[in-house]
1. Any idea which residue in the range C:81-110 is nearest to C:Leu165 (Cα to Cα), counting only those that are within 23 Å of the chain's Cα centre (by Cα) and more than 8 Å from every other protein chain (Cβ to nearest Cβ)?
2. Looking for something in contact with a helix residue (DSSP H, G or I) (Cβ under 7 Å, 6 or more places away or on another chain), more than 27 Å from A:Ala226 (Cβ to Cβ) and free of Cβ contacts under 8 Å to residues at least 24 places away in the same chain - is there at least one such residue anywhere in the range A:27-44?
3. In this structure, does A:Thr76 turn out to be buried (at least 19 other Cβ atoms within 10 Å of the Cβ), more than 14 Å from chain B (Cβ to nearest Cβ) and either free of Cβ contacts under 8 Å to residues at least 24 places away in the same chain or closer than 18 Å to A:Thr149 by Cα (or both)?
4. Can you pull out the residues in the range A:54-71 that are in a helix (DSSP H, G or I) and facing chain B (nearest Cβ under 7 Å)?
5. From the list C:Ala154, C:Ala136, which residue is within 14 Å of chain A (Cβ to nearest Cβ) and either among the aliphatic types (A, V, I, L, M) or buried (at least 17 other Cβ atoms within 10 Å of the Cβ) (or both)?
6. Out of all the residues in the range B:146-159, is one or more at pLDDT 95 or above, of a type in the set (Phe, Trp, Tyr), assigned to a helix (DSSP H, G or I) and buried (at least 20 other Cβ atoms within 10 Å of the Cβ)?
7. Could you run through the range A:131-159 and say how many residues are in contact with a helix residue (DSSP H, G or I) (Cβ under 6 Å, 6 or more places away or on another chain) and away from chain B (no Cβ under 13 Å)?
Amino acid sequence: MTVKKSRKFSDATVFILPAVLLLALVFVGPLIWFFIQALASVGTPAEMLSYAWTIITSKAVVTALMTTNWISLMVTLLVLLISYPLACYLANNQGMRFTLVLFCIVVPYFTSIIVRTYSWMVLLGRNGIINQVLLYLGVINEPLALLYTKTGILIGMVYVLLPYMVLTLFATMKAIDPSLMRAARGLGASGFYAFTRIYFPLSVHGVVSGSLIVFILSIGFFITPALMGGPSDVMIAMLIERSVEIMFDWSGAAIMSLLLLFATLVLYGIYYRVTDVRRMMGA
Amino acid sequence: MTAPKAVNPGRRKFTTGVAVAAVAPTMFWIKKAAAAEQVIVRTPGGVFDDVKKETIYDPFRKETGIEVVPVAATTAKLMAMMKSGQNELDLIDTGDSTLLELEKSNYLMPINYDEFKYTNPADIDPVVKRKYQVGCFIYAMVLGFNTKAIPVGTEPKSWAEFWDLKKFPGRRTLPDMASGTPSLEFALIADGVPMDKLYPLDIDRAFKSMSRIRSAIPKFWDTGALSSTMLADNEVSMGALWSTRAAVAIDQGAPLGIQWNQNALLAQAYGIPVGAKNLANAKKFIDYSSTPEAQARWLAKYKAIPVNTKAYGATSRDLIDPATKTPWTKSKGFLLDINWWADNRQKVGQYWSKWIIG
Amino acid sequence: MKGVASGQGKGAIELRQITKRYGKERVVDAVSTTIAPGEFFSLLGPSGSGKTTTLMMIAGFADVDEGQVLVDGTDIVDVPPQRRGFGMVFQNYAIFPHLNVFDNVAFPLRARKLPNDQIQERVQQALELVRLERFADRFSRQLSGGQQQRVAIARAIVFQPSVVLMDEPLGALDKNLRYQMQVEIKEIQQRLGMTVVYVTHDQEEAMNMSDRIAIMNNGRIEQVGRPTDIYENPASNFIARFLGEANLIEGTIEEVREDVAVLCTAGGLQLRARADGNVQPGARAHLFVRPERVTIVRARGGIAADPAINHATGRLAQTSFLGNILRHVVEIEPGIRVTVDVQNASGGLFRAVDETALLSWRAADSVILQR
C-alpha cells in the first residue's frame, strides 16, 4: 500500500501539481465564479438566455465579431508569410547571424506594448517617417492612410505577434533533420522541389499550430486595435473592455467574454489535436 | 437593442472571486510600505504622482507625519474592490464621474467640511464642493488646435465653427465612448442648443450632429495621451481634449493652442471609501491639500485650476481669463453634468456602439 | 534485374588535388586518386581524417577550394549536387518521415519527372532487390534499422546511377546486422555494376566490402590499395595500427642487403624484415609484424640459425582470452612487448604468465616501417 502510494507520487506529474493548483485557485476558480455571478444577476435562466441572445445578436457585437475574425485571419496570414522565411533562416544558421536575428525579433518585447504601439504611430502617421520619406521620394503625392485604419491595425498586430509564430516555426524547423534536405538534393531534387515536397510538409505542423496560436491571440487583442485602428474598427475585446470600464455592464461583458472564451477553447482543441498528431509523427 | 431591466441589479451584485483576484496585487504592494501612520490613496499615477509627491505628499508628511502611499487602480478595479468588500484604500483620487458611480453604489462616505482645520470650506469653489466628493483640481474639455496647421487667432472660436467643415477643413478628433464622455454637449452646442439649456441632453440630436463631421474624424481618442499626441503630430489639426493634457504637451514644446470658449468644466476629486482604515488621515489629507498654499504650490507645476478660490492668484496665467480675472472655466465654460452622465452612460454607450460602425 | 542495372563502363571518378579549408586548417589536403567504373572504393580513417568531407566534395555538398573532381572525364566541381546524378546513402538513412517507403523510393524518379508507369515499375524492382516489396506502405517509424537502411539503398539505386556515394551507412546498426548488410550491399553493387564510394571508420567493414581502400589521416590519403595489400604491407605505423593489431618493434637499421634489412633493438637483438629501397643503414625504424604471424613455443635450448626466421625469447607478461583467439603478450626486452595471437584450436592452451617463451616468425612476414 505505502509502496504503491510513494511510487504514484514519484511520478513527474507531482511537479506540475503546484502550478495547476495555483492556476485553479487564482484563475479558473474566480473565472467560473465570475461568470456564474455576472450571469445569475440577470435573473432566471430564461431571462439570462434571452439577454445573452440580445447581446450576441446585437449589431455592435455581430459587427465586432466579423471585424475580429477578418483582422485575426489577415494578421495570421501576414504573420505566417513574414515568419516562415525568418524562422527558416534561424533554423539554418548558427552563431552571430542567429543571435542577431533572434535578438532583433525578441528584444523589442522587453519594452511595453504601449510604447511599441506609440512608436508605430510615430512611423506610420500622416506626418510620420514613412509617409515623409515616400513623399520626399515622390512615390506618393499625398500621405497614405496607414494609421487609424485596418492597415494600421494589421501592421501593429503583425509586429506584436510575430515572435509567437517565428518561435513556433523555429521549433518545428529545428526538429527537421537537415540531412533530409541534403538527401533530397543529393537524390536529384532542385531546391524548390525539395522545399515543396520535403521541407514544407515537414514544417506544416508548425505552420498550423503557429497560426492557431496567433489567431487565438488575435481574437482577444485590445490595445493595438484601440490605438491604431479607425473609429469603426471595433474588435470584440474592445467592446468587453468598454462594457467593464465605462458602462459597468458586467453581465454584458461576461456574455461577450464567454463567447470569446468558447471560440478560444474550440481553437485550442484543434491546436491540441494538431500537436498530438505531430507527436505521433515523431517529427 | 433593448436590454432587459434586469441589467441594473446585475451591476449592483458582485463577484467576490474576481474582485479578490484583481485586488490581490494591490494588497502586496501596500504591505510593503512602511507600517507607520499612512494614508493609502488611489491616484492616476505617472507624472501626476511625481509632481504631487513633491508639492503635496512630502510637505504633508513633514506637517503631520503621515505617509502618503499612492496606488494605481482602474475604474473597474475600484468597483471590484468596493463591491467585494475588499477595500484597502483610504482615499480615492479620480475623476468626478467615477466617484459619482461609487457614490451611487453607496461606497463613499460624506465629506465632513465642518471638521476642516487647515482650509476654510467657504473658499472651495461650490461647483466641486459636493456632499460625497470634493474637487482637488478643476480642468476642462477644450477646443485644442495645432498652431502650425492653424495659426493662433485663426482657429475656430466656437463649437459651431469647429463643426463647420467648409470654413475649417482638415482632420479633427473628439473623445471616444471609451474615454467615458463623448462630446455630446459640444455636438448640441454646435447644433444651436444654448450652453445653459443642454441638460437633459437630446441624445438623438447630438449623434445626428456628430454624424455631420464624422467624415473628418480619422480617430476618436480613448486616452488623454492619444489626444495630445495626435494634435502635436498634426495627425489632426484640431480636437476636443482635456486642458491638462494640452498644457502638458505645450510645456513639452508641442505646437498646441487652446480656444477656451464653450469649455466643459470637469473636476478631479477626492472621495473617502467606506471602510477606510485610516479615516482620520484621509480627512486630514483632503483638508491639507485644499489649502490655498498647497493648491498654489501644486498647481503652479501642474497646469490646472485650483478648487480653492483663494489660490487663483498663484494660478498659471494661461488659465485665467484676462477680461474677468477669473479662470476660463468660470467665464467661458459650462459645468459638465456628471449626474446626467451617470444615469445615461449605458444608453449613450449602446447608441455609440451602433453609430460608430456606421 | 535489367530495369535497375546501371550502365557498364561508366562511373569513373578522378580526384585531382582536391583541397578543403576551414579557416587556415586544410581538412582535405590535395587528395588525388582514381576510382575505376564498377569499383567498390572505401575511404577509411579515424574521425576528423577528412574522409566524409572528401565524399561531400564528390557529392557537391561541400565546395572544392582547390582541385578538380572528374566523372567520366568531366569536371563536375561547378555542378550543383542535384545534377551530379549520384545515388546517395546517408549515415542516418535520411528517410523522409512523412512519406511511405514507396514514395521515398519514388522520390528521385519524381524529381526527375519520370512518367508514372515507369515510376511504378522501377520502384517495384528496387524494392524487390532490397526485399522490401511487402513494406511499400510503411513509414520509416514502422521499420527496423535494417529495413530503413534497405529503403535508403533502394532509393539511392532506383534511378540507375552509375555512382553511389555512401556515408557510413551502417554506423547505426548493431554488429551482427552490420555484417549481414555488408554482404547485401556488396551483392547489390556487384549485381548492378555501379561504382560505390564508401566512407567508413570501421576497418573490418572496409576490408570485407572494398575492392580498394584509401586510408585517410589528417586530410591526406596515406595509402591506397587492395585490402590484403594494405593489411600485409602497411606504409606507416599509423596504417599498421589502424588496420588491426600490429607489433612495431623499434630499433636501428644495421644493414640492408637487396630487399632485406637487419634491425637491431636497443637490447642488441637482431631481426630481419623486408625493406624497400629507401631504408638506409643507421636509420631509426620499426619492424612490423602481425600478431597471428608470430608463433610461440616453450623455450628449449638450441635454435637453428635460419636467416629467414626471426627468433626472440622473453617473459610471458600477460594473456587474454578473446574467444576464437588466445592473445599472449611477451616482453622480449625492457620496453619491447610482442603480441602473439594463437588460434583457439584444440591444444592452443595459454602459457603460464612469467614463463619464458620463445617467439619466432618469418622475416618475409615482417616489414621495416620508417613513418
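The values are calculated or read from the model by the stated rules, or taken from the named source; none is laboratory data. Quick caveat: nothing in here was measured; it's all calculated off a predicted structure. Note that we place each Cβ from the backbone using ideal geometry, even for glycine, and neighbour counts take in every protein chain shown.
1. Quick first cut of the range C:81-110, residues within 23 Å of the chain's Cα centre (by Cα) only: C:86-93.
Those still in the list that are more than 8 Å from every other protein chain (Cβ to nearest Cβ) too: C:89, C:93.
Working: C:Val89: 6, C:Tyr93: 12 Å.
Once the filter is applied, the top-ranked residue is C:Val89.
2. Yes, the conditions are met somewhere in the range A:27-44.
3. Criteria met by A:Thr76.
4. Initially, the range A:54-71 is screened for residues in a helix (DSSP H, G or I), giving A:54-57, A:59-71.
Correct list: A:Thr54, A:Lys59, A:Ala60, A:Thr63.
5. Residue meeting the stated conditions: C:Ala154.
6. Yes: one or more hits.
7. Number of matching residues: 5.
Here is a yes/no grid of residues against (1) under 20 Å from the mean Cα position of the chain (by Cα); (2) of a type in the set (D, E, K, R); (3) surrounded by fewer than 22 Cβ atoms within 10 Å (Cβ to Cβ):
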residue	(1), (2), (3)
B:Ser209	no, no, no
B:Ser228	yes, no, no
B:Leu231	yes, no, no
B:Val236	no, no, no
B:Ile250	yes, no, yes
B:Leu266	yes, no, no
B:Gly271	yes, no, no
B:Lys277	no, yes, yes
